[in-house]
Every structure is written in structure tokens, then in C-alpha cells.
Amino acid sequence: MTQATYFRAPSNLPQLARRLASGCLLAIVLLPLSVVFYWMMSDAGTLAVRANLAPGAVQGELQSWQRLLGCLLMEVPLCLLLIGVWQARKCFLLLGSGRVFTAESIGYLRSFAAWSVASAIARIFCDAAASVVVTLANLPGQRMLALGLGSDQFFLLFFAALVWLMAGVIGEGLALADENASFV
């Protein structure tokens with residue numbers, strides 16, 4: 001007869017969860033600022049590559065309106081992802097307060113996963129729009145529309161599916177625990 005092995009959460013789990021919640025806040029503030037900095041300071045060739053184009057696709061320097069519009073386009077998928085990070089933060093705060101297996105935390109995990117999927121999909125369209133924006137000042141016939149799927153989008157979709165699945169497993173465990181509690 002084998003003995004069941006149970007997972008015991010480390011005693012520092014609440015402290016770690018609170019630190020992760022703080023890290024989420026830091027990401028929510030710093031990431032949009034870093035996108036602005038990147039679009040304002042990078043050269044045209046770097047921004048062309050970012051928009052799935054060849055480095056020489058942009059003729060001349062980018063105008064201020066192109067940088068601003070490109071930056072705004074790149075903020076869209078990031079903001080969608082950061083809404084998900086806000087949901088993850090709420091989940092971490094629940095963990096930090098000792099509420100680990102709750103329907104609320106499962107909802108936050110699923111919400112994080114859903115916003116991550118929305119971000120990955122939006123990124124496809126925003127990258128395509130950015131390719132048009134950065135080449136719009138080019139001569140007629142030299143303007144481009146580039147579509148691309150990157151490994152970062154596939155990874156984000158995979159990660160979102162993994163989190164959704166984990167939330168489902170936690171939900172099943174919660175349902176079994178509630179069912180067992182009703183018998184006692």
C-alpha cells in the first residue's frame with residue numbers, strides 16, 4: 001500500500017505572492033514607458049525590423065507623426081497584456097492573503113489567459129498596421145504592408161493555454177474539495 005504525497009506550500013508563499021503583485025505594478029508602469037522610449041529613440045531601420053520589414057524598407061528618417069502613431073499601435077497589444085497582468089496581480093494578492101484555492105483566483109487566472117490571447121492576436125494586426133505607418137512617407141510603390149507571426153506570439157498563446165488549463169485543474173480540485181466537505 002502506497003502512501004499519498006501531499007504538496008505543502010512553502011511558508012514564504014504569501015510573501016512571494018505579495019512581491020509578485022508588486023512586480024506586476026512595476027511592469028504596468030514601466031513597460032508602456034519603455035515602448036514610448038523605444039519608438040522615440042530607435043533609428044528607422046530598427047523600427048522597420050520591429051514592424052516585420054527589412055531594415056532598409058524605410059526611405060529616409062521617420063517623421064514625428066509616424067513615430068507617434070507607430071508607438072500608439074505597439075501600445076495596444078501591450079495594454080491588453082497589461083490588463084491581464086493586472087488580473088494576475090489580483091490573483092497574487094489573494095495568494096498573499098492566504099486565499100489560495102478560490103473561485104475568485106481561478107477567475108483571475110482565466111482572465112489573465114484571455115487577455116494574453118487578445119494581446120497576441122492584436123499584435124498581429126498592430127504589427128501589420130505599423131509596417132504601413134513606417135513606410136507611408138516612402139515614394140508611391142515603395143509603401144509596404146507586412147504580416148508576420150513570431151515565436152513570441154506563439155509562446156504567449158501557449159502560455160495562455162497553459163494558465164487556462166491550470167485554472168481548470170485548480171477548479172476541478174476545488175469542486176472535489178467542496179464535494180468531500182459536504183460528506184463530512
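The values are calculated or read from the model by the stated rules, or taken from the named source; none is laboratory data. Keep in mind that what you see is a predicted model, and the values were worked out from it rather than measured. So basically every Cβ, Gly included, is an ideal-geometry build from the backbone, and we count neighbours across all protein chains shown. These accessible areas exclude ligands, DNA and RNA; they are computed on the full protein's heavy atoms, side chains included. Shrake-Rupley method; radii C 1.70, N 1.55, O 1.52, S 1.80 Å.
For this structure, a couple of remarks:
- Within the range 40-120, trypsin sites (Lys or Arg not before Pro) in DSSP loop having at most 16 other beta-carbon neighbours inside 10 Å: R99
- Rolled with a 1.4 Å probe across the full set of protein chains, the surface gives L30 an accessible area near 90 Å².
- Separation of alpha-carbon centers, the range 119-184 and the range 52-93, rounded to whole Å: 14 Å
- DSSP H segments from the chain that extend 27 Å or more along their own axis, Cα-based, with Kyte-Doolittle mean of 1.6 or above: none
- Signed unit charges on C-beta, dipole axis of the chain, positive-most listed residue V29, I83, N180: V29
- Convex hull (Cα only) mean projected area of the chain, reported in nm² to one decimal: 13.8 nm²
- Of the accessible area of the chain, computed with a 1.4 Å probe over protein heavy atoms only, carbon and sulfur atoms account for 70 percent.
- In the chain, the calculated helix contribution to ellipticity at 222 nm averages -26000 deg cm²/dmol per residue, counting -39,500 (n - 2.57) for every DSSP H run with n ≥ 4.
- Here the relative contact order of the range 77-184, from alpha carbon pairs under 8 Å that lie six or more residues apart, stands at 31 percent.
- For the range 11-69, the relative contact order works out to 23 percent when only alpha carbon pairs closer than 8 Å and six or more residues apart are counted.
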